[in-house]
Each structure stands twice: as structure tokens, then as C-alpha cells.
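Asks: My structure is below; once you've seen it, I'll send some questions.
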Amino acid sequence: MTTLGDQFAGVVLVTGSHGGAIAGRFASAAGVAGVIFNDAGGGFDDAGIASLAMFDRHYLPAATVSHMSARIGDARDCFARGIISHANRSARNLGVAVGQPCPSAAALLRASRAQWHGAPIQEARFAFGHIAGSDIWGLDSAALACPEDAGRILIIGSHGGLPGRDAARALKVAARVAIFNDAGVGIDDAGIARLPALDARGIAAATVDAWTARIGDARSVWRSGVISHLNHTAMRMGGEAGQTAQDFARIMAHSIELTKAGRGVIHA
């Protein structure tokens, strides 16, 4: 979703991305005629399907496939195995229905004549503070990571899936710690697939439970997220499932500080 250009204007898009608000803004900025997302398990405030209502306001058809039918972050799998879980009114008017295979629904969306060029994405980045020598930043999308984020603790609204099943795309900067949303985990444990990929790079990584924070919303992750899964690097630094995102970040920051001082890591 973060790589869409003008060549996608007027096309029907099937994406592995979640159906949250920020993913919808990426799609609308490209001017697509219809879109099918992954529902990311719905999650807190139904954030995983939030784009559907937004698209309906512009008469644009949109739907999601179930996260239990296809891997989040994998567009090919969503098209091949995805089963429709939600459809907005504009999509239903074209014949899209819950339970349809994704290819059938996508074919129906091709009848859409709607087109909406939404506003370009504004950088949704937030400074959450400084703990024990570590800067903590929030990013609504992993695509917003920049070179300055190297070495930081990042609170990311994106799902913990591996885009395109490509380990090189797990995170484009060498952050020290990263927290994602587990998107309900889903089929093949796809919603947490970034974690081992980041382990291999020595990056401590975790996900929050999709039912504790809105996907695509870093501030929600920071305010109410509760850790559901974490990689070995994070566990060695004292991270545990059940910690709040803020407590996890604090423990990671103090562990980093102790390591720099040559005193090992804490385990709490």
C-alpha cells in the first residue's frame, strides 16, 4: 500500500495490507476504483476494517478477506485463498458478499465507476519521549521509518506480518526496538512473522494484541497496547507477554543503557 503510484488510478486493488484508516488513505491517494484488504482480525474499535466506511462516504467499493483465510502482508495469498469477511454498501451493491472467494469479489468490483483521489498521506509520526538514553517515536506505518530512526525504540501501528514474505522488508531501518500490532495473528501465524526476521538482525521486536490497540495507530499502541508476542532478542532484554507497551519500552530502554555500560541486561 505504501508504494502505490498514479499507475494504480482506476484499478481494482487486492492488497495484503490491513483495512485500517491509514492503509485506506494510501489507497485513496492513488485513486483506485475498488480495493480488497485483509481484515487484520478486526481488533480494537474494528480498526482493521475502518477504511470500508470511509470509502462508502465516497461511493467507493471496498471489502476485506478474513485474516484466518489468507496471510496478512501477502497480496498473492489474499487473492489466492482469501475469503470475504466484510464488504461496504458500495461493494454489496455490486454483488460482493461475505463468504465469496477473493477472485470472485475482485471481478465484481471491476464494474465500479467510482474514483476518489484522497489527500496525500501526511507524516503520522509522534515523539513519545526519552527514557534512559533512548528516543521513543511512534509511527502509524512502518513505511514512515527514516534514517534518523536507527537506534531508536519505535512504536509502530503496522501489522507484525512480513510484507511480501520478504525478510528484507521487515523494517527498513536498524532500530534498536520495534513494537507492531499482531493483527489477530491469523493463518500461518502471519501477523507476527516480522519477529523472527528482526531477531536475525539483532532487533528486539514485539507485537501488541490487536484487541488492545487500534491497528495503524501508533498513539493507540502507546496508550493501551499490551504485549502479546515477542522475539528472542526482546525476551533476553527482559520483555514478557502481558507487559504494557509503555512498560515494555521502558524495560528495553533500561536494558540498552545497562548494555552500553557493560553491565549486561535486566530481566523483569
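The values are calculated or read from the model by the stated rules, or taken from the named source; none is laboratory data. Because the structure is a prediction, the values reported are computed rather than measured. Using ideal geometry, Cβ is built from the backbone for each residue, glycine included, and neighbour counts are taken over all protein chains shown. Side chains are part of the model used for accessible areas, which takes the heavy atoms of the whole protein and leaves out ligands, DNA and RNA. Shrake-Rupley method; radii C 1.70, N 1.55, O 1.52, S 1.80 Å.
Asks: Residue under question is Ile192, and the condition is that it be crowded, with 22+ Cβ neighbours inside 10 Å, farther than 16 Å from Gln246 by Cβ and not hydroxyl-bearing (Ser, Thr, Tyr); does it hold? Before the answer, list the steps.
Replies: On the way: crowded, with 22+ Cβ neighbours inside 10 Å: yes; farther than 16 Å from Gln246 by Cβ: yes; not hydroxyl-bearing (Ser, Thr, Tyr): yes.
Spelling it out, Ile192 is indeed crowded, with 22+ Cβ neighbours inside 10 Å, farther than 16 Å from Gln246 by Cβ and not hydroxyl-bearing (Ser, Thr, Tyr).
Asks: I need the helices (runs of 4 or more DSSP H) fully contained in region 195-268, keeping only those with at least 2 residues that are without any contact (Cβ under 8 Å) to a residue 40 or more places away in the chain.
Replies: Details: elements: 218-224, 232-236, 245-260.
Counting at least 2 such residues, we get 232-236, 245-260.
Asks: Still on this structure, I have one more. Collect the residues in region 12-46 that are touching a strand residue (DSSP E or B) at 6+ places or on another chain (Cβ under 8 Å) and of a type in the set (D, E, K, R), keeping them in residue-number order.
Replies: Asp39
Asks: Being surrounded by fewer than 24 Cβ atoms within 10 Å (Cβ to Cβ) and part of a helix (DSSP H, G or I) is the filter; apply it to region 6-25 and report the residue that is nearest to the chain's Cα centre (by Cα).
Replies: Ala21
Asks: If you don't mind, another one. Go through the residues of region 46-61 one by one and say whether even a single one is hydrophobic (A, V, I, L, M, F, W, C), open to solvent by 10 Å² or more (accessible area, probe 1.4 Å), assigned to a loop (DSSP other than H, G, I, E, B) and free of Cβ contacts under 8 Å to residues at least 40 places away in the same chain.
Replies: Scanning region 46-61, I find no residue that is hydrophobic (A, V, I, L, M, F, W, C), open to solvent by 10 Å² or more (accessible area, probe 1.4 Å), assigned to a loop (DSSP other than H, G, I, E, B) and free of Cβ contacts under 8 Å to residues at least 40 places away in the same chain, so the answer is no.
Asks: Tally the residues that are in contact (Cβ under 8 Å) with a residue 12 or more places away in the chain and open to solvent by less than 40 Å² (accessible area, probe 1.4 Å), restricting the search to region 125-138.
Replies: Start the filter on region 125-138 by keeping residues that are in contact (Cβ under 8 Å) with a residue 12 or more places away in the chain, which leaves 125-126, 128, 131-138.
Filter again for open to solvent by less than 40 Å² (accessible area, probe 1.4 Å), leaving 132, 134, 136, 138.
Residues that pass the stated criteria total 4.
Asks: If you don't mind, there's one more thing I want to ask. Would region 74-93 turn up any residue that is open to solvent by 10 Å² or more (accessible area, probe 1.4 Å) and within 27 Å of Arg125 (Cβ to Cβ)?
Replies: Within region 74-93, one or more residues are open to solvent by 10 Å² or more (accessible area, probe 1.4 Å) and within 27 Å of Arg125 (Cβ to Cβ).
Asks: Can you tell me which residues in region 39-67 are out of contact with any Gly (no Cβ under 6 Å at 6 or more places or on another chain) and not small (Gly, Ala, Ser)?
Replies: Phe44, Asp45, Asp46, Leu52, Phe55, Asp56, Arg57, His58, Tyr59, Leu60
Asks: Which of the residues that make up region 139-184 are open to solvent by less than 10 Å² (accessible area, probe 1.4 Å) and of a type in the set (Val, Ile, Thr)?
Replies: Ile153, Ile155, Ile156, Val177, Ile179
Let's see how each residue does on (1) at pLDDT below 95; (2) touching a Gly at 6+ places or on another chain (Cβ under 8 Å); (3) not basic (Lys, Arg):
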position: Ala150; (1), (2), (3): no, no, yes
position: Arg165; (1), (2), (3): yes, yes, no
position: Asn181; (1), (2), (3): no, yes, yes
position: Asp217; (1), (2), (3): no, yes, yes
position: Val226; (1), (2), (3): no, yes, yes
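Asks: Check off (1) in contact (Cβ under 8 Å) with a residue 12 or more places away in the chain; (2) more than 26 Å from Asp166 (Cα to Cα) for Ile22 and give me the number that stays unchecked.
Replies: (2)
Asks: Kindly establish whether Ser85 is of a type in the set (Gly, Ala, Ser) and part of a strand (DSSP E or B).
Replies: yes
Asks: Taking region 26-45, which residues are at pLDDT 95 or above, touching a Phe, Trp or Tyr at 6+ places or on another chain (Cβ under 7 Å) and surrounded by 24 or more Cβ atoms within 10 Å (Cβ to Cβ)?
Replies: Scanning region 26-45 gives a single hit, Gly43.
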